[in-house]
1. Structure shown: which of LYS261/LYS356; LYS75/LYS356; LYS235/LYS395; LYS354/LYS422; LYS72/LYS356; LYS195/LYS422 lie over 20 Å apart, alpha-carbon to alpha-carbon?
2. Got a sec? Charge dipole of region 155-266, +1 on Cβ for Lys and Arg, -1 for Asp and Glu; which of ALA202, SER244, MET213 is way out at the positive end?
3. When the Cα atoms of region 179-237 are enclosed in a convex hull and the volume is divided per residue, what value in Å³ results?
4. Which of the trypsin sites (Lys or Arg not before Pro) found in region 197-262 are loop residues per DSSP with 10 or fewer other Cβ atoms within 10 Å of their Cβ?
5. Once you order the gyration tensor axes a ≥ b ≥ c over the Cα atoms, which shape class does region 88-235 get: rounded for a/c under 1.5, otherwise prolate or oblate by comparing a/b with b/c?
6. Contour minus end-to-end for MET216 and VAL231, with contour as 0.36 nm per residue of separation and end-to-end as the Cα-Cα distance?
7. Can you tell which of GLN127, ILE154, ILE114 lies farthest toward the positive end of the dipole of region 73-208, using +1 and -1 charges on the Cβ of basic and acidic side chains (Lys, Arg; Asp, Glu)?
8. From Cα pairs below 8 angstrom and at least 6 apart in sequence, can you work out the relative contact order of region 94-248, rounded to a whole percent?
Amino acid sequence: MDQNLQVVGTESQLEMGTLAQNGSPLEFEEQSLFSPESGTQKMQPGHISEYGSARGGFQPGVSKMWRNVVYKSIKTVIFSNKLNVLIPFGPLAILVRILTGHNGMVFLLSLLGIIPLAERLGYATEQLALYTGPTIGGLLNATFGNATELIIAIYALRHGMIRVVQLSLLGSILSNMLLVLGCAFFCGGLVFYRKEQVFNKATATVNSGLLLMAVMGLLFPAVLHYTHTEVHYGKSELALSRFSSCIMLGVYAAYLFFQLKTQKDPYIPLSEEGSLNGENDIDDDETPEISKWESVFWLSIMTAWISILSEYLVDAIEGTSHTWNIPISFIGVILLPIVGNAAEHAGAIMFAMKDKLDISLGVAIGSSTQISMFGIPFCVVIGWIMGQPMDLNFKLFETATLFITVIVVAFFLQEGSSNYFKGLMLILCYVIVAASFFVHEDPPPEGKP
């Protein structure tokens, strides 16, 4: 045993001597910088005087590492997306509001400034969902997927602009169902024009059923109001809306449980879409681009910045309507949803052009389902807490538009296939809806001339 130790010690001395002969002492020291021996040597007084204190010697490295992490995070989140060139319009909107107070310019600049923030909010949510798994990830997407619309709605609700809340949420549903889904069908059909793209009919049927239930929840308070059959005039309608909203929230919670726990199929295409289409799964695996805490940090930053700009946006709506001579209904139903649906629009088209129509359908129709079964009832409950009489009576014209839209989209989805002509028809249907709201004047509240 002692002989073996002596042999090992002799070999180590020979190796040290060989290294010292082949290279300079400085080269040897650099090569053994992170070795235990070198770490021990640097704690000796002679080496401390050369490199400074042991603690101080590591500070530049740690500082440089943090600078690299921050630089990489900013580069990935801010500079990797061309849409982010619109971010400076947000501070510019605040500056214009302070200096001039021109409502039209403030509204336009706020609208442009929120668009990239909404897209980056969706990106940060998706990155965080990669760390949490499908269950928590699904809840995150349900919560933050339409966060922009909900933030704008809550600010408008706080200012007592109940009609703007109703119109913006209705417009988000119409935009997702007609414009976003139509563009996805159209672009996907042009890329794969030689074949018919297919999707899961069962998932589409469930979402269509939820949308029809949402229409039912909006229809009965409107019918109750316009037939003048309320037991307590002015109170029964609001009570029915709040009761129906609680039921719809419960149904949406059950839907999430059914989708995440009971039925696994809706989530299988997200990870196995390649195998379903005969492609390689490995190429479609998603890896996080930023860390979990970076995702949380950017999620907080984007949410706070959207909240600030939303307040300026909401304050400028009425002034913009008078300045531009545009009906508030058109602003709420057509212009505001452009902000919240920027991420959904881009994502649905991208997946459709990759022949992943199940994901495109989940983005477009799933977002509509979230707004109709969660967003609208949630705003009714929040209004109840705030003391605002937010109800489900969206007026006759708006409720009829939603009802016809749901029927048309359900008819388009019943075959489980799509092509560019179906997409074109959906887009043109949205054009008709937009033109209808451009010439539609919202009736004044009862009791006002």
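1. LYS261/LYS356; LYS75/LYS356; LYS72/LYS356
2. ALA202
3. Values: hull volume 6.6 nm³, N = 59.
Cα-based convex hull of region 179-237, divided per residue, equals 111 Å³.
4. none
5. Working: a/c = 1.70, a/b = 1.04, b/c = 1.63.
It is oblate, given that a/c is not under 1.5 and a/b is not larger than b/c.
6. Numbers: separation 15, 0.36 × 15 = 5.40 nm, distance 1.99 nm.
Length gained, MET216 through VAL231: 3.4 nm.
7. Highest projection toward the positive end goes to ILE114.
8. 9
The values are calculated or read from the model by the stated rules, or taken from the named source; none is laboratory data. Everything numeric in this text was worked out from a predicted model, so none of it was measured. All Cβ positions, glycine included, derive from the backbone under ideal geometry; neighbour counts span all protein chains shown. For accessibility, only protein heavy atoms count, side chains too; no ligands or nucleic acids. Shrake-Rupley method; radii C 1.70, N 1.55, O 1.52, S 1.80 Å.
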